[in-house]
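Notes to accompany the following structure.
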Amino acid sequence: MFLYGPHGKNRKVRDIRIGVVGTNDGIKFFKAWAADLKKPIEVPPPGKTEKKDRLHLANFPGIAEAFGITFNEDEFATCSLDRKAIEDASLIVNLHEAVKKVVQLYVTRIRKYHENEERAIDVWALVVPELIFERCRPGAKRTGLPTLRGDFGKKQRQRSDLPLLGDLIDHTAEDIFDDAPDFHRQVKAGLLTLTPSQILRETTLAPHEFKNSAGYPIRRLQDRATVAWNLATGLYYKTQPAPPWKLADVRPGVCYVGLVYKNLPNDPNDHVCCAAQMFLSEGDGVVFRGANGPWKTADYEYHLQPPAAKDLIDKVLSTYKDKNGSPPKELFIHGQTSFNDDEWRAFEAAAPRGTNVVGVRIKSTRGETKLFRDGDYPVLRGTAMLLDDRNAYLWTTGYAPQLDTYIGPETPNPLFITVLRSKKEMPAIKTVLADIMGLTKINYNSCNFNDGLPVTVRFANMVGEVLTMRSARDAERQPFKFYI
């Protein structure tokens, strides 16, 4: 990226339109950071215990030089929120109600802007005070805070059970209990039909403004150049038609789909939302909502009924054909559970005759299998232990010779890969593993060398959690950039 810029870089620097919503301080912090993004930012000198050459770090040359995009921070569309209003909303005694009220402060301002202003916005930056991060997520502990009375009691976590009163009582206000009390997930769900968004903490943008009693920043952050790379990558990905990089040497005609299942919050029938994430050889992804239904069959097992399974794959293949003109040669379905016979037959029936459908299970391990090697660094990234022609351990993290380092805190754990089923001839296990290695490098929400999980699995929880929100239930297929 430093030397060549993004794939498909514009010949001329392109202006992007950014909206900012936050407190006056938050907007000020973001504008200051945005101004810095237009300048070079150097990696700090190595510490006493660090190598002189840290190949995993790179100076940031400026957003125009690196990505071919720019902006005028003085022309940002700004929506200011009152900090006391955020504070009061976050202190409402019922956590569901508190989170919903805080989310509404942000989403309502953005919606009003879109209704009343003609100028389009490419991406919204939501700058949040640290109190939102601390108080507006599941299980948040607000012990010792002076909570305020709202419309619901502290203990209420689901809709009231008043069947005898029927339609005599309006339960609309209790829709808040159909959403998990999570600011990030609710905001993403609320903006799915509007525009991509980037959520930023004030402490990320201005760590020097938030110090502890000893005079140090309350949060430990990456170096400023790395933060700049990550922020600029997200801005580019969410405002441009194509992602910033693509995988080289990808086999043509291959489509990857990640399946995710998430329980619907407080659903009376214990129904589950199923979603599919499609990723193509060019990297970018599309998210599809499947039908909600009784897909949970055991504690850790989920299976679609045949009509729902066929309908979901039909959506994926239709979109692939729209983009490429013909069906894929191979459709890899990545999941974290197995596939039963009825479900698999429906997947195969949805695919045309010339498309091979392959089911792959990707499971994280928790340290039951380790490899150790001599020297200062752990096993090489990309090491595989082939158990047979269908099962293998794969180390997607480890020592990277190109960087001459291992980016991780401890001895890495492998993924356990199983090729479960195939419509036609089973693909070679090494081909499956190579595909998974490639899919660890297309997280466009940051500028990392790689992730430990392929994108088909890594973002499964994030996508599923957003789609279970009540405010997301009208969303059908959406570009992946709306969810991250």
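The values are calculated or read from the model by the stated rules, or taken from the named source; none is laboratory data. Being a predicted model, the structure only gives us computed values, none of them experimental. A quick note on method: Cβ atoms are made from the backbone with ideal geometry, for glycine too, and the neighbour counts reach across all protein chains shown. Note: accessible area is taken over every heavy atom of the protein model, side chains too, but ligands, DNA and RNA are not part of it. Shrake-Rupley method; radii C 1.70, N 1.55, O 1.52, S 1.80 Å.
Taking the stretch 451-462 as the range and being open to solvent by less than 40 Å² (accessible area, probe 1.4 Å) and at pLDDT 85 or above as the test, the residues that pass are Asp451, Gly452, Pro454, Val455, Thr456, Val457.
Does Ala64 satisfy being under 23 Å from Tyr236 (Cβ atoms), within 24 Å of the chain's Cα centre (by Cα) and open to solvent by less than 60 Å² (accessible area, probe 1.4 Å)? I'd like the intermediate steps shown before the answer.
Working: under 23 Å from Tyr236 (Cβ atoms): yes; within 24 Å of the chain's Cα centre (by Cα): no; open to solvent by less than 60 Å² (accessible area, probe 1.4 Å): yes.
Against the criterion (under 23 Å from Tyr236 (Cβ atoms), within 24 Å of the chain's Cα centre (by Cα) and open to solvent by less than 60 Å² (accessible area, probe 1.4 Å)), Ala64 does not qualify.
For (1) farther than 15 Å from Thr195 by Cβ; (2) open to solvent by 30 Å² or more (accessible area, probe 1.4 Å), each residue gets a yes or a no:
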position	(1), (2)
Ile86	yes, no
Asn94	yes, no
Tyr106	no, no
Arg109	no, yes
Glu115	no, yes
Pro129	yes, no
Pro146	yes, yes
Gly153	yes, yes
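For first residues located in the stretch 137-152 and more than 17 Å from Gln186 (Cβ to Cβ) and in contact (Cβ under 8 Å) with a residue 40 or more places away in the chain, partners that are outside any loop (DSSP other than H, G, I, E, B) and among the basic types (Lys, Arg) and lie 6+ apart or on another chain with Cβ distances below 7 Å form the pairs Arg142/Arg135. Output yes when any residue across the stretch 91-98 is over 30 Å from Thr78 (Cβ atoms), at pLDDT 90 or above and among the β-branched types (Val, Ile, Thr), and no when none is. Yes, that holds for at least one residue. The condition of being over 21 Å from the mean Cα position of the chain (by Cα) and either part of a strand (DSSP E or B) or more than 23 Å from Asp182 (Cβ to Cβ) (or both) holds for Val250. Of the residues making up the stretch 64-76, one or more are over 30 Å from Pro268 (Cβ atoms) and of a type in the set (S, T, N, Q).
Go through the stretch 261-286 and give me each residue that's closer than 19 Å to Glu301 by Cβ and either part of a loop (DSSP other than H, G, I, E, B) or open to solvent by 10 Å² or more (accessible area, probe 1.4 Å) (or both). Don't jump to the end; show me each part of the working.
Filtering the stretch 261-286 down to residues closer than 19 Å to Glu301 by Cβ leaves 261-264, 267, 269-276.
If the condition is that a residue be closer than 19 Å to Glu301 by Cβ and either part of a loop (DSSP other than H, G, I, E, B) or open to solvent by 10 Å² or more (accessible area, probe 1.4 Å) (or both), then Tyr261, Lys262, Asn263, Leu264, Asp267, Asn269, Asp270, His271 are the ones that fit.
Based on this model, can you work out whether Met437 counts as in contact with a Gly (Cβ under 9 Å, 6 or more places away or on another chain), modelled with pLDDT under 90 and open to solvent by less than 50 Å² (accessible area, probe 1.4 Å)? It is false that Met437 is in contact with a Gly (Cβ under 9 Å, 6 or more places away or on another chain), modelled with pLDDT under 90 and open to solvent by less than 50 Å² (accessible area, probe 1.4 Å). Considering the stretch 352-415, the qualifying strands (runs of 3 or more DSSP E), each wholly inside and each with 3 or more residues that are open to solvent by less than 70 Å² (accessible area, probe 1.4 Å) and at pLDDT 95 or above, run over 356-364, 391-394. Annotation note: of Lys424, Lys441, the sole residue that is among the basic types (Lys, Arg), within 28 Å of Glu50 (Cβ to Cβ) and in a loop (DSSP other than H, G, I, E, B) is Lys441. Can we say Glu174 is open to solvent by less than 50 Å² (accessible area, probe 1.4 Å) and at pLDDT below 90? When the stated conditions are applied, Glu174 passes them.
Across the stretch 31-49, a minimum of one residue is classified as more than 30 Å from Val103 (Cβ to Cβ), open to solvent by 60 Å² or more (accessible area, probe 1.4 Å) and among the acidic types (Asp, Glu).
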